[in-house]
1. Restricting attention to segment 370-391, and to residues there that are among the aliphatic types (A, V, I, L, M) and part of a helix (DSSP H, G or I), which single residue is surrounded by the fewest Cβ atoms within 10 Å (Cβ to Cβ)?
2. Looking only at segment 191-206, decide whether some residue is assigned to a loop (DSSP other than H, G, I, E, B), farther than 24 Å from residue 422 by Cα, in contact with a strand residue (DSSP E or B) (Cβ under 7 Å, 6 or more places away or on another chain) and open to solvent by less than 10 Å² (accessible area, probe 1.4 Å).
3. Run residue 367 past the list (1) open to solvent by 20 Å² or more (accessible area, probe 1.4 Å); (2) assigned to a strand (DSSP E or B) and report the number of the one that doesn't hold.
4. So, in segment 259-313, exactly how many residues are under 15 Å from residue 351 (Cα atoms), polar (S, T, N, Q) and out of contact with any Gly (no Cβ under 7 Å at 6 or more places or on another chain)?
5. Going through segment 347-364 one residue at a time, which ones are over 20 Å from residue 397 (Cβ atoms) and either in contact with a Phe, Trp or Tyr (Cβ under 8 Å, 6 or more places away or on another chain) or open to solvent by 70 Å² or more (accessible area, probe 1.4 Å) (or both)?
6. Considering only residues that are assigned to a helix (DSSP H, G or I), over 15 Å from residue 308 (Cα atoms) and open to solvent by 20 Å² or more (accessible area, probe 1.4 Å), which ones fall in segment 392-420?
7. How many residues, within segment 323-342, are within 35 Å of the chain's Cα centre (by Cα) and either open to solvent by 50 Å² or more (accessible area, probe 1.4 Å) or among the hydrophobic types (A, V, I, L, M, F, W, C) (or both)?
Amino acid sequence: MQPSNLLPISNPNSPPSMLIPTSSATADTMLVRSEPHIIHSSSSSTILLVQDDDDSKIETKPLLTRAFSYSSSSSSSSSNLVMQQRRRRIASANSLLSGAVEGCRREMGRAASDTYVVTRLSFRLLRYLGVGYRWIARFLALGCYAMLLIPGFIQVGYYYFYSSQVLRGIVYGDQPRNRLDLYLPKNMNGPKPVVAFVTGGAWIIGYKAWGSLLGQQLSERDIIVACIDYRNFPQGTISDMVKDASQGISFVCNKIAEYGGDPNRIYLMGQSAGAHIATCALLEQAIKEIGAEPRASWSVSQIKTYFGLSGGYNILKLVDHFHSRGLYRSIFLSIMEGEQGLRQYSPELMAQDPNTKNAVSLLPPMVLFHGTADYSIPCDSSKSFADTLKGLGVKAECILYEGKTHTDLFLQDPMRGGIDDMLDDLITLIHGDSSEAIRANSTPRKRLVPEFMLKMARSVSPF
């Protein structure tokens, strides 16, 4: 018998029916009829089942039962849902991959642009410096120094480029070097104190990434750090550097709350040439505030304390010292915009000017850190500036570290791990009474470079 189609009875009250064969030329069919009206057809392979009621219409129903149909429908819907989820996951993964590739492309483009600028300026700088034996010796010493500290630089560099706590290249102005990096604590459960940091580099080789070690260590102790980049010579002279630093400070004062910083606890800090530039920016801003000039975008009163690390504050006295160490007088005068600039951009001499007496009174507390074995900028520079400020009624303090060189306080000691006196003093001044609790909950400082390499680096350091 060939396969048949079933047409069920629509009347549920009819008596049980029988399957009766009937003839069909084209297809096998089954008709439903009550027992008294059974029709047989011996020559057919078709069975007719006819209803009791002759007037009723034959109602067709699905061949499959409802339960089976529901099960199939559910299975199909579930399969479609799985496929949709799979497509969404694939699309999401493709989107993330595309975003990562685009981000990597932007970073590479930015790095290539910075490399081009630095290379071009380096060749321009060499034309100024010539090929004197002192500069050749300095560059060789710098290369040896960097090689000896390379284990630490690799670890700090990895943190700088790959940590989610570092926000790099935030724009604060319209000049090519107007960028800053933010170092954020892991725990952002409330407004954090902020250090706006201006890096050093002899006014020639400064770069925001030089502050990454300090930024990492302070951010691990619940402090936000903003490392401000600025134009270096020959891309800019001292007035450009001070202007850039001031714009960076303004950004921190006005925008840091958006990144979790406390606008009422902003500290300004500079190291070496950066300490000189930051102090000039602070004094210039104070002079503007007492003058007839319109109020700028930030105020000296927004700075809670200034920290100067190994800075030079009387450039007029230091010019001959720098010349003896290879930063020739002619170059330095070009950086400082001539003989007049030596006086104009010496913070100690600026403070002593009778015309700026009222401006000096606006300065925040000034804390100057310096090592007694610093031969790049002698510690007398900080001592003399602190004494001058005290004499003018400014709250100032000079903290000296016995036997420490220009790079000990900023590089070798932090890479040594363990106790770091300058860093501990800085944390105490920022956190105050809660500094002990902060230290107890912080990650212990680990050693980044073996001791023998640190000692060798100290002996060959050109700074």
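The values are calculated or read from the model by the stated rules, or taken from the named source; none is laboratory data. These figures come from a predicted structure and were not determined experimentally. Cβ atoms come from the backbone with ideal geometry, glycine included; neighbour counts cover every protein chain shown. These accessible areas exclude ligands, DNA and RNA; they are computed on the full protein's heavy atoms, side chains included. Shrake-Rupley method; radii C 1.70, N 1.55, O 1.52, S 1.80 Å.
1. Looking at the filtered set, the residue picked out is 386.
2. no
3. For residue 367, the exception is condition (1).
4. Of the residues in that region, 1 qualify.
5. Listed by number, the residues that qualify are 354, 355, 357, 358.
6. Listed by number, the residues that qualify are 411, 416.
7. If we filter segment 323-342 for residues that are within 35 Å of the chain's Cα centre (by Cα), which is where we start, we get 327, 331-332, 334-337.
If we keep only those that are either open to solvent by 50 Å² or more (accessible area, probe 1.4 Å) or among the hydrophobic types (A, V, I, L, M, F, W, C) (or both) too, we end up with 327, 331-332, 335-337.
Residues that pass the stated criteria total 6.
Matching residues to (1) β-branched (Val, Ile, Thr); (2) at pLDDT 95 or above; (3) crowded, with 16+ Cβ neighbours inside 10 Å; (4) in a helix (DSSP H, G or I):
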{"site": "111", "(1), (2), (3), (4)": "no, no, no, yes"}
{"site": "121", "(1), (2), (3), (4)": "no, no, yes, yes"}
{"site": "136", "(1), (2), (3), (4)": "yes, no, no, yes"}
{"site": "141", "(1), (2), (3), (4)": "no, no, no, yes"}
{"site": "173", "(1), (2), (3), (4)": "no, no, yes, no"}
